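A short reminder: the numbers here are calculations on the coordinates, not readings from a lab. Note that this is a predicted model, so its numbers are computed, not measured. For neighbour counting, all protein chains shown are included, and Cβ atoms are generated from backbone atoms with ideal geometry for every residue, glycine included.
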Amino acid sequence: MPPFTITLALLGVSALCAAGRGEEKPVDLRKLSGKWDVQQLSIGTTSEGDAVPTEIRAVAEITPGGRFIISVLDSKLVEWSIEVDVRKSPVWIDLTLVSDDNMKLKGLVELKGDTLVIHARVGDRPAKLEEKLEDDSFLIRCKRAK
């Protein structure tokens, strides 16, 4: 997949429609914090789980302060504020676009070893982590950066 296509796909994630406000949730990001190499990105129903070529250098970073940042070719592409509810199973994640606090996504997050998977969408939270993607959803799979 060409770098331009990956960039457009990541921008598309940030351009999803706004969702309603979520409930107040405790933030526990200790296990998720750090840098992650983006391995796979699927957006909406037209994507089939596209692998992200290593030359794109797509990196996701989750900060202890509750930010989820995606960078491509060492340039920040999109930044969300996140809240995680570890009391839910699977763990819930809510994302709010930093540049537009009306842009909200609800999702699920899974951490198994060094693999992080996030499935989020506008509106209702996905029922399952690996369920079929809708037009207003995305799935990102990452490996912890070495």
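So which of Lys106/Lys143; Lys88/Lys143; Lys76/Lys128 end up more than 25 Å apart by C-alpha?
Values: Lys106/Lys143 22 Å; Lys88/Lys143 23 Å; Lys76/Lys128 29 Å.
Those over the limit are Lys76/Lys128.
Arrange the peptides 103-110, 72-79 so that the one whose residues have, on average, the most other Cβ atoms within 10 Å appears first. Walk me through the numbers before you get to the answer.
On the way: 103-110: 21.6, 72-79: 14.1.
Top to bottom by mean Cβ count within 10 Å: 103-110, 72-79.
Return a whole-number percent for the relative contact order of segment 92-146, with Cα pairs under 8 Å and 6 or more residues apart as the contact set. Intermediate values should be presented prior to the final figure.
Values: 96 pairs, mean separation 15.8, N = 55.
Dividing the mean separation by the residue count of segment 92-146 yields 29 percent.
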